[in-house]
Structures are given as C-alpha cells and as structure tokens.
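Novice: Following this message is one structure expressed as structure tokens.
The values are calculated or read from the model by the stated rules, or taken from the named source; none is laboratory data. What you are looking at is a predicted structure, and each value in this text was computed from that prediction instead of being measured. Every residue, glycine among them, receives a Cβ derived from its backbone with ideal geometry; neighbour counts consider all protein chains shown. Protein only, heavy atoms only, side chains kept; ligands, DNA and RNA dropped before computing areas. Shrake-Rupley method; radii C 1.70, N 1.55, O 1.52, S 1.80 Å.
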Amino acid sequence: MKVLVVGSGAREHALVRSLLADPSVAEVIAAPGNPGIAAIAACELLADATDATAVVALAARHTVDLVVVGPEAPLVAGVADALRAQGYAVYGPDAAAAHLEGSKAFAKAVMASAGVPTALAHVCTTPAEVELALDALGSPYVVKDDGLAAGKGVVVTTDRTEALAHGLACLDKPGGQLVVEEYLDGPEVSVFCICDGTEVRALAPAQDFKRVGDGDAGPNTGGMGAYSPLPWAPPKLAQEVIDTVAQPVIDEMRRRGTPFVGTLYVGLALTARGLRVVEFNCRFGDPDGQASLERLVTPLGGLLYAAATGRLAEFDDLHHHSDAVVVVVEAAAGYPGSPRTGDAISGLVEADATEGAYVLHAGTRRDEAGLLVSSGGRVLNVVARGADLAEARHTAYLALSNVSLAGGHHRTDIALAAARGEVTVKERAG
Ligand code: AMP
Ligand code: GLY
C-alpha cells in the first residue's frame, strides 16, 4: 500500500521509518516532512499542514491507500474530516473527536460521563473563579490553559501568585478559559492506544520527561526524552489503561456520535489511590511515541490501516520486543522560551552509525547552501536500543556525543532513575 504521512517532526520521522519497515507498505510520501525523512521517503511541499484542501490534493495526486496525520493541529482543524469526506482511509480523528485534546474542559466532561478516574477540576472563565478554585484545591497549584499549547500551557507551582498570574494570562486570550485542578502525586506514564472507533489496542507504556533540565528542573517543554519499558510499573498497566480509561472513552465518543479513530494518547499519573488521567492527546506523543513505536514488532502499516478501516478486531494483542529503548532530545539554545534557529548541525552521520542507535530529525532544515541547520526548539532525537535501560542509555548518550549544535542542550538523566531502580509507585491504599 501507499501511505501519506502528514507532519514534519521526529514523531513523523519515526512513523515513516516504522511504516517503511512493514513489507505491506510499498511507498511512503511525507508532507511536508523534514531533511531526515527526505533521506528515506519522498517529501512534498505543504506550507500549512492544517490546509485540508492541500492535504486532500496530495492524497489524490499520489493515489494513496492510507493517510496518517501525525500532529494535533491538522486534526483539530479538521484535516481528517476532509480526507474521509473524499473516501480516504485516515488514521487520525475527525475534528469533533480531536476535541479530546483541543479542549481540556471537553476532555473532563467526557471522562465524567465515562466514569474515568482523573484529577478534580474547576473550569474557570473569570478571575474571581480562578481565585476560588485555587483556594478550594490548594497547593501545589495546577493551572491549565484550555486550548492547545504544545505542552507549555500548564503551570504547576506552590506559588499562588505565579499560579494566579498564569490563570489571568490564559483568560486574556480570545475565548479565554482555563482549568484549575487537583495536584496528582506519582510517576507519569504515556500509553498510546490505537483505536478504530470501537476497538482498542495499546502500545507498550513509555515515560516522558517534560521539564527542560536534569532532575526535573525548569519549565515544562514538549518533552525532552523518553524510555520504555517501565520496570517499576505494574506489569498489566497497559490492559488496566484499556479497561478503565481507553475503552470507556472510546465507547462514550461513539455514543456521542463522534467515534474516535486514531491514537488516544493517555497521559497518566500512578498515584497512591490508583491511576488518574492527567491528559488526553489525539496523536502519538513526541518523544514518548518514538520510544513505544521502537518497541513495537507488529507491522505498523497493517495495524494503522486496520484501525482506519474499522477492522482492528482482526488484530490480537500487539507484539513488542523486550529490549529497552531510550530517546534523548537535543534542543536549541533558548528552548523552551525563545529558541534560536539557524545554527549549524554536524555529526549526525557519526551518531547514526553508532551500533544500536539512530537519529530522528525534529526541527531541522537545509539552508541555501544545502547545509543542515536548526529550525525549531527541539532539533533532533537520538533513539537507542539495549538489553536493559542502562545499556540503552549508554548507547543513546554515546551517539549524541557526536552531535554538535551551537548552544544546543539536552538532559543527561533520561531513564537514569529507572535504570537505578529509584522510581517507585506509592502503595495503593486499598
Ligand atoms: P498537560 O498539558 O495536561 O499534559 O500537562 C503537562 C504536564 O504538567 C504534565 O505532564 C504533568 O507533568 C504536569 N501536570 C499536569 N496536570 C497535573 C496534575 N493534575 N498534577 C500534577 N502534575 C500535573
Ligand atoms: N511528549 C508529550 C506530548 O507529545 O504531548
């Protein structure tokens, strides 16, 4: 089959790589792709990935059998709707279903209807409501912009003044709405659920590192690294997430007349009172998705095509290998605040040649002279496999040591606590 992948980040680079490894996939076209993707697949110009007419035209020109939409923005903008209206098999939800990521207030409402465990939350539209909610739920304060904010709309702080200031900033936006919620104490997990509107299959759980600095210092980012498996997590976690979260949500979305086809990304906290949903996204995570996808053995093209065409029931549980995978993100100077772009990148050939590791491009482009330069906040990922987390970490950082990017930075502690057996889930109180 021929597959069109929409998007330009490391997640899409990983999707293209895994799709090409599936013998049932004859050709992959990416739009707009990036220089890393261009080395393994054809890339088409796409000035704006949310331009549904342009995406439909590309699908038609290449007579593709399947379209995989990677990022949230085109999904929330209705790109999948437009493709389905023209009869294409699409992996990615319609706009109405992508609302699970597009609005935190909507996600909370669906969870309440479906009986899914999550943090207590207050939706606020006025400064007075924000103050009341902060005092009702107490410190640490969790204040979230209602809409899409690329992982940067959330402030978690013990400082009430900072929490209130973020709340007021969210209200200042057009249609400003925010959610103040209960603080969830416990390690976070990402579980990517492949959904066909009715059935659900889960990838191996991964953990993401959201804060910019070692030891979880500094502000939230889109994600600085990830690993899988989670040796400290309950062995049946993925099934528990299907049973208590994903299946009830998929059933509720179908009941509402907006079936969810695509990846339901369940962000969880494992608290002393059991698992609680932190957030939903309507796509694979980045970089946590890269860790889970690298562990998947089930061929990706057939799996996503089955989900897109409502035939996931034909798939048994997904197959994963037992190696450990560690993903480390190299970010640009100034990320996540105001990332600097246009810096030269070198050493990728050497990094890629490291046994057990490879490089995914995220924010890169070629300049007029054809040289690789940075073009975004998160510039690239190194993905490494090993017999255990310690070995995968070693390989990832060895590969990354070849890369040079002026002002670039990365965390040095991705998967470190897990490799040392220092991550713990608090005992469940009954
Ligand atoms: P979100 O955009 O909802 O994923 O939030 C981004 C990050 O903020 C999460 O990955 C958590 O690290 C943190 N966070 C969000 N909600 C909570 C919560 N209720 N309790 C503790 N931390 C949270
Ligand atoms: N890494 C978190 C996300 O993709 O939202």
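Novice: Here are the criteria: (1) farther than 22 Å from G218 by Cα; (2) crowded, with 17+ Cβ neighbours inside 10 Å. Tell me which single one Y141 does not satisfy.
Specialist: (1)
Novice: Sticking with this structure for a sec: Just checking, does the range 195-210 include any residue being within 14 Å of ligand 1 (Cβ to nearest atom) and in contact with an Asp or Glu (Cβ under 6 Å, 6 or more places away or on another chain)?
Specialist: We begin by selecting, within the range 195-210, every residue within 14 Å of ligand 1 (Cβ to nearest atom); these are 206-210.
Okay, now just the ones that are also in contact with an Asp or Glu (Cβ under 6 Å, 6 or more places away or on another chain), so 206, 208.
Yes, because at least one residue in the range 195-210 is within 14 Å of ligand 1 (Cβ to nearest atom) and in contact with an Asp or Glu (Cβ under 6 Å, 6 or more places away or on another chain).
Novice: Under 7 Å between Cβ atoms, which residue pairs at least 6 apart in sequence (or on different chains) link something in the range 316-342 that is without any contact (Cβ under 8 Å) to a residue 60 or more places away in the chain with a partner that is surrounded by fewer than 24 Cβ atoms within 10 Å (Cβ to Cβ) and not in a loop (DSSP other than H, G, I, E, B)?
Specialist: What qualifies is H321/R295; G342/V373.
Novice: Restricting to the range 372-402, what's the tally of residues that are crowded, with 17+ Cβ neighbours inside 10 Å and either touching a His at 6+ places or on another chain (Cβ under 9 Å) or among the hydroxyl-bearing types (S, T, Y) (or both)?
Specialist: The number of residues fulfilling the criteria is 13.
Novice: For the subset of the range 95-138 comprising residues that are more than 24 Å from the chain's Cα centre (by Cα), hydroxyl-bearing (S, T, Y) and modelled with pLDDT under 95, which member is most open to solvent (accessible area, probe 1.4 Å)?
Specialist: Looking at the filtered set, the residue picked out is T125.
Novice: I would also like to ask the following. For the range 1-38: of the residues being polar (S, T, N, Q) and more than 20 Å from T63 (Cβ to Cβ), which is surrounded by the fewest Cβ atoms within 10 Å (Cβ to Cβ)? Walk me through how you get there before you give the answer.
Specialist: Pass one, the range 1-38, residues polar (S, T, N, Q): 8, 18, 24, 34.
Retained after the next criterion (residues that are more than 20 Å from T63 (Cβ to Cβ)): 8, 18, 34.
Working: S8: 27, S18: 20, N34: 26.
Looking at residues that are polar (S, T, N, Q) and more than 20 Å from T63 (Cβ to Cβ), I get S18.
Novice: Then there is this: Which one is nearest to ligand 2 (Cβ to nearest atom), of the residues in the range 209-227 that are touching a residue at least 12 places away in the same chain (Cβ under 8 Å) and within 13 Å of V423 (Cβ to Cβ)? It would help to see each step written out before you state the result.
Specialist: Going through the range 209-227, the residues touching a residue at least 12 places away in the same chain (Cβ under 8 Å) turn out to be 209-215, 219-227.
Those still in the list that are within 13 Å of V423 (Cβ to Cβ) too: 209, 227.
Working: F209: 9, Y227: 12 Å.
So the residue we want is F209.
Novice: Given E391, E427, which one is of a type in the set (D, E, K, R), touching a residue at least 40 places away in the same chain (Cβ under 8 Å) and closer than 19 Å to V326 by Cα?
Specialist: On the way: E427 fails: closer than 19 Å to V326 by Cα.
Answer to the check: E391.
Novice: In the set V143, V155, V180, which member is over 29 Å from D243 (Cα atoms), in a strand (DSSP E or B), hydrophobic (A, V, I, L, M, F, W, C) and touching a helix residue (DSSP H, G or I) at 6+ places or on another chain (Cβ under 8 Å)?
Specialist: Working: V143 fails: over 29 Å from D243 (Cα atoms); V180 fails: over 29 Å from D243 (Cα atoms).
Result: V155 is the single residue among V143, V155, V180 that is over 29 Å from D243 (Cα atoms), in a strand (DSSP E or B), hydrophobic (A, V, I, L, M, F, W, C) and touching a helix residue (DSSP H, G or I) at 6+ places or on another chain (Cβ under 8 Å).
Novice: For the structure I just gave you, tell me whether A233 is closer than 24 Å to A392 by Cβ and within 14 Å of ligand 2 (Cβ to nearest atom).
Specialist: Values: closer than 24 Å to A392 by Cβ: yes; within 14 Å of ligand 2 (Cβ to nearest atom): no.
Criteria not met by A233.
Novice: Turning to a different aspect of this structure: Taking the condition open to solvent by 20 Å² or more (accessible area, probe 1.4 Å), in a loop (DSSP other than H, G, I, E, B) and more than 16 Å from ligand 2 (Cβ to nearest atom), does G175 pass? Talk me through it step by step, then tell me what you get.
Specialist: Values: open to solvent by 20 Å² or more (accessible area, probe 1.4 Å): yes; in a loop (DSSP other than H, G, I, E, B): yes; more than 16 Å from ligand 2 (Cβ to nearest atom): yes.
Judged against the criteria, G175 is a match.
Novice: Write out, first by first residue and then by second, each pair whose Cβ atoms fall under 6 Å of each other, whose residues are 6+ apart or on separate chains, and whose first residue, in the range 159-185, is in contact (Cβ under 8 Å) with a residue 12 or more places away in the chain while the second is outside any loop (DSSP other than H, G, I, E, B) and of a type in the set (D, E).
Specialist: C170/D145; L178/D145
Novice: So, in the range 49-87, exactly how many residues are outside any helix (DSSP H, G or I), within 22 Å of F284 (Cα to Cα) and open to solvent by less than 50 Å² (accessible area, probe 1.4 Å)?
Specialist: Filtering the range 49-87 down to residues outside any helix (DSSP H, G or I) leaves 49-51, 62-71, 77-78, 86-87.
With the extra rule that they be within 22 Å of F284 (Cα to Cα), the set shrinks to 49-51, 64-71, 77-78.
Remaining after also requiring open to solvent by less than 50 Å² (accessible area, probe 1.4 Å): 49, 64, 66-71, 78.
The qualifying residues number 9.
Novice: Out of everything in the range 183-199 that is in a loop (DSSP other than H, G, I, E, B) and touching a helix residue (DSSP H, G or I) at 6+ places or on another chain (Cβ under 8 Å), what residue ends up being farthest from A80 (Cα to Cα)? Reasoning before the result, please.
Specialist: Within the range 183-199, the first condition is being in a loop (DSSP other than H, G, I, E, B), and the residues that meet it are 183-187, 197-199.
Then drop every residue that is not touching a helix residue (DSSP H, G or I) at 6+ places or on another chain (Cβ under 8 Å), which leaves 183, 197-199.
On the way: Y183: 34, G197: 14, T198: 18, E199: 19 Å.
Across the range 183-199, the extreme among qualifying residues is Y183.
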